[in-house]
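Just below is one structure, and these are the notes that go with it.
The values are calculated or read from the model by the stated rules, or taken from the named source; none is laboratory data. Note that the structure is a prediction, hence the values are computed from the model and not measured. No Cβ is skipped: glycine too gets one built from the backbone with ideal geometry, and neighbour counts run over all protein chains shown.
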Amino acid sequence: MSYLRIEEPAPPAPPRGFALWELGFRPFYLLASSFAALSILLWSLQFTGLLPAPYLSGPVWHAHEMLFGFTLAVIVGFLLTAGRNWTGRPTPTGWKLAALALLWLAARVLVLTPWGWASAIANAAFPLAAAVALAVPFVAAGNRRNYFFVALLALLSLASLTVHLNQLGVISLPAGVGLQVGLDAVLFILCVMGGRVIPMFTNNGVPGANARRQPLLEKLALGLVLAVLAADVLHAPAWLVGTVAALAALAHLARWLLWQPWATLRTPLVWVLHLAYAWIPVHLALRALAAAGWVTPSAAVHALTVGAVGGLIIGMMTRTARGHTARRLQADRWDVCAYLLVAAAALVRVLVPLAAPAWTLQAILCSGALWSLGFAVYAVRYFKVLARPRLDGKAG
């Protein structure tokens, strides 16, 4: 007896070629994750005195680069990618995208040189250039709903410039004002984007989760964050900042609970976003406590930057990189490893100094190592994903 052997067709080979400049998320996710892996390690060494301070003095350099370097790169990469979907019109690709990435890279290098004015110009120019790149398709498509992103990028440019002008001795306004306004602007961006995508991703990724949005609560939560920003811009009394921050913390906690975070525990690609967003009400509560003098402001800052910013970025970078390269929307073990490392970095950086102030130095070094390793895992794991064409052969 003979049998006809039927062979299954071999799966198609992954497309080859270089696609780093095909869409905004590609270069900026790669640059940001690589920078995150290196810069926090450098800061930890500076903090211990093992390395000299660069042009921007120690803590100012660290805060500036975390905000206007790492975080802003991811925001720009995400917005350039989402902007194309929102408007149906192209955002910068090819040499224009490469030029924007080169401007960001130049700004990172210049803060390490004695050339303060060149650094100030480059750092202020990057978010402005990104704002223009977004404004063109938004205006052409009449996409007024997202115009505020252009304004926020312009505000971040002004905040960065404030820091540099203070360091150059041009203005007496403290650098901390520019940094705090920048943090508030980033917080608002995270709250807007979190409200748009986390409930949607929850319902899409976890059948029956029933994540909900309550329109009145949405307006209240976002409005209170804007009120915090306004209070910081106007140098409002500490008691007023603390009161508004406390109310905002309650509103964002209620918002988060409506998204059913407990239903996501078996879906890492979703729970990472819920875990990160939980740091936003924690940050706002710590700001209220700091205004009352009960905790240090550093605890609130790092709850936002390491906990919320770091967690939301590592979660969104994996999800959007997978989705926009036609890969399965399912976290693998390397993704989960990166999530856990960044989450641990936040817990160590915020909780240890609060519980045991004598261990603050050790907490900073440990948190820096965890953070650096988490983003190094992403950079190495996703280098080929970001640099090669989509699996389905489509553009983008």
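Looking at ALA118, ALA124, which one is in a helix (DSSP H, G or I), of a type outside the set (Lys, Arg), in the same structural domain as GLY69 (by TED's automatic domain parsing) and crowded, with 21+ Cβ neighbours inside 10 Å?
Within the list ALA118, ALA124, the selection yields ALA124.
Step by step: first the residues of segment 134-144, then only those that are over 19 Å from the mean Cα position of the chain (by Cα) and outside any loop (DSSP other than H, G, I, E, B), then the one that is nearest to GLU65 (Cα to Cα). Which residue is that?
ALA135
State yes or no: is THR113 among the hydroxyl-bearing types (Ser, Thr, Tyr), within 23 Å of ALA63 (Cα to Cα) and in a helix (DSSP H, G or I)?
The answer is no for THR113.
Residue pairs, Cβ under 7 Å, 6 or more apart or interchain, first in segment 326-338 and farther than 22 Å from ASP392 by Cα, second among the basic types (Lys, Arg) and modelled with pLDDT of 95 or more. List them.
These pairs meet every condition: TRP334/ARG381.
Scan segment 160-176 for residues that are under 11 Å from HIS64 (Cα atoms) and touching a residue at least 40 places away in the same chain (Cβ under 8 Å) and jot them down.
Within segment 160-176, SER160, LEU161, VAL163, HIS164, ALA175 meet the criteria.
In segment 145-197, which residues are of a type outside the set (Gly, Ala, Ser), outside any helix (DSSP H, G or I) and touching a helix residue (DSSP H, G or I) at 6+ places or on another chain (Cβ under 8 Å)?
Matches in segment 145-197: LEU168, ILE171, LEU173, PRO174.
If GLY169 satisfies every condition in (1) on the phi < 0 side of the Ramachandran plot; (2) at pLDDT below 95; (3) of a type outside the set (A, V, I, L, M) but one, which is the exception?
So the condition that GLY169 fails would be (1).
Does GLY315 satisfy the criteria of being closer than 20 Å to MET66 by Cα, touching a residue at least 40 places away in the same chain (Cβ under 8 Å) and either touching a Ser or Thr at 6+ places or on another chain (Cβ under 7 Å) or assigned by TED's automatic domain parsing to the domain that holds GLY194 (or both)?
yes
Name every residue in segment 254-269 that is of a type outside the set (Phe, Trp, Tyr), surrounded by 17 or more Cβ atoms within 10 Å (Cβ to Cβ) and assigned to a helix (DSSP H, G or I), in order of residue number.
Passing the criteria: ARG255, PRO261, ALA263, THR264, PRO268, LEU269.
List, please: which pairs have Cβ atoms under 8 Å, are six or more places apart or on different chains, and start with a residue in segment 283-304 that is within 20 Å of ILE364 (Cα to Cα) and end with one that is of a type in the set (Phe, Trp, Tyr) and surrounded by 23 or more Cβ atoms within 10 Å (Cβ to Cβ)?
ALA303/TRP279; LEU304/TRP279
For segment 323-337, indicate whether the set of residues that are under 18 Å from THR71 (Cα atoms), basic (Lys, Arg) and part of a helix (DSSP H, G or I) is non-empty.
The answer is no, given that none of the residues of segment 323-337 is under 18 Å from THR71 (Cα atoms), basic (Lys, Arg) and part of a helix (DSSP H, G or I).
Can you tell me how many residues within segment 332-365 are more than 21 Å from PRO297 (Cβ to Cβ), of a type outside the set (A, V, I, L, M, F, W, C) and surrounded by 14 or more Cβ atoms within 10 Å (Cβ to Cβ)?
Total satisfying the criteria: 3.
Given the structure, is SER34 among the polar types (S, T, N, Q), at pLDDT below 95 and more than 26 Å from PHE148 (Cα to Cα)?
no
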